[in-house]
Amino acid sequence: MTQESADAKEAIEGELLLMDPAFRASGEAARLIDPEFVEVGASGRRYTYEETIAELPTKPGSSAGGPRYEPSAIRGVLLAPGLIHLTFETVFDGNRARRSSLWRKQDEETGWRMYYHQGTPVP
């Protein structure tokens, strides 16, 4: 396995963790989200790091008995050293979305963190 594919695999693992209800509700998400994080959700709403960390444990997809994100076709591409672009689709409670995330690694101690995320609804 090349370092590029190992890095992409690590970012994909982080993305999957952030979709897991138990992880979302655990309060541990801060370790995988970059302090400079911004999201444009499938709703069109813009979220900051602070909003995301505060709201994630109670957002849809964070309840063990509720709907889950069902990701497919996740692909990771190394754009530059320390920057991975992930693209994939999700189905959540019957709604499809195309998603794009940028994962950034600034040092070995913090590892890969989600820097940007965007979801676009699929009619």
Open item on the list: If a residue must be more than 14 Å from residue 12 (Cα to Cα) and in a strand (DSSP E or B), how many such residues does the stretch 71-92 contain?
Closed with: 4
Open item on the list: Can you say whether residue 82 is modelled with pLDDT of 95 or more, in contact with a Lys or Arg (Cβ under 6 Å, 6 or more places away or on another chain) and under 21 Å from residue 2 (Cα atoms), as far as the supplied structure shows?
Closed with: yes
Open item on the list: Pull out all pairs, ordered by first then second residue, where Cβ-Cβ is under 9 Å, the residues are six or more apart or on different chains, the first lies in the stretch 41-60 and is in a loop (DSSP other than H, G, I, E, B) and modelled with pLDDT under 90, and the second is open to solvent by 50 Å² or more (accessible area, probe 1.4 Å) and of a type in the set (S, T, N, Q).
Closed with: 41/118; 42/95; 42/118; 42/120
Task: residue 12 surrounded by 13 or more Cβ atoms within 10 Å (Cβ to Cβ), assigned to a helix (DSSP H, G or I) and either under 11 Å from the mean Cα position of the chain (by Cα) or of a type in the set (Asp, Glu) (or both) - done: yes
- [ ] Give the number of residues within the stretch 71-93 that are under 17 Å from residue 42 (Cβ atoms) and open to solvent by less than 70 Å² (accessible area, probe 1.4 Å).
- [x] 10
Open item on the list: Looking only at the stretch 27-40, count every residue that is assigned to a helix (DSSP H, G or I) and either open to solvent by less than 60 Å² (accessible area, probe 1.4 Å) or touching a helix residue (DSSP H, G or I) at 6+ places or on another chain (Cβ under 7 Å) (or both) and tell me the total.
Closed with: 3
Open item on the list: Give all pairs with beta carbons closer than 8 Å in which a residue from the stretch 93-117 that is within 14 Å of residue 10 (Cβ to Cβ) and basic (Lys, Arg) meets a residue that is open to solvent by less than 60 Å² (accessible area, probe 1.4 Å) and not in a strand (DSSP E or B); count only pairs at least 6 apart in sequence or on separate chains.
Closed with: 104/82; 105/7; 105/82; 105/111; 113/14; 113/32
Task: Unique match (being within 13 Å of the chain's Cα centre (by Cα), free of Cβ contacts under 8 Å to residues at least 60 places away in the same chain and surrounded by 15 or more Cβ atoms within 10 Å (Cβ to Cβ)) among 24, 68 - done: 24
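The values are calculated or read from the model by the stated rules, or taken from the named source; none is laboratory data. Quick caveat: nothing in here was measured; it's all calculated off a predicted structure. A quick note on method: Cβ atoms are made from the backbone with ideal geometry, for glycine too, and the neighbour counts reach across all protein chains shown. SASA here: full protein model, heavy atoms, side chains in, ligands and nucleic acids out. Shrake-Rupley method; radii C 1.70, N 1.55, O 1.52, S 1.80 Å.
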